[in-house]
């Protein structure tokens, strides 16, 4: 398990990223999300779009996301 470091670009599973951290779904993605909370009903983590408060994506545990980038 990699340790979280917000200053270095990393690919980490969603469960190892603290809530509120900026993430992208892949390295070339244009849209930036903030990692939200875990939804027990759907058993998925929420990713809330940074630029659109009504856009939410739910990803399962183990989904690898990109952190530590500049935008």
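Since every read-out is calculated from the coordinates, none of them should be taken as a lab result. Treat the numbers as computed from the prediction; the structure is a model and nothing was measured. All Cβ positions, even for glycine, are placed from backbone atoms using ideal geometry, and neighbour counts span all protein chains on display.
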Here the gain from full extension of residue 64 to residue 21, 0.36 nm per residue of separation minus their alpha-carbon distance, amounts to 14.1 nm
Mean separation of Cα contacts under 8 Å (6+ apart) over length of the chain, as relative contact order %: 38 percent
Please work out the FRET efficiency for the pair residue 39 and residue 11, using the Cβ-Cβ distance as r and a Förster radius of 30 Å; give the result to the nearest 0.05. 0.85
How big is the shadow of the Cα convex hull of the chain, averaged over all directions, in nm²? 4.6 nm²
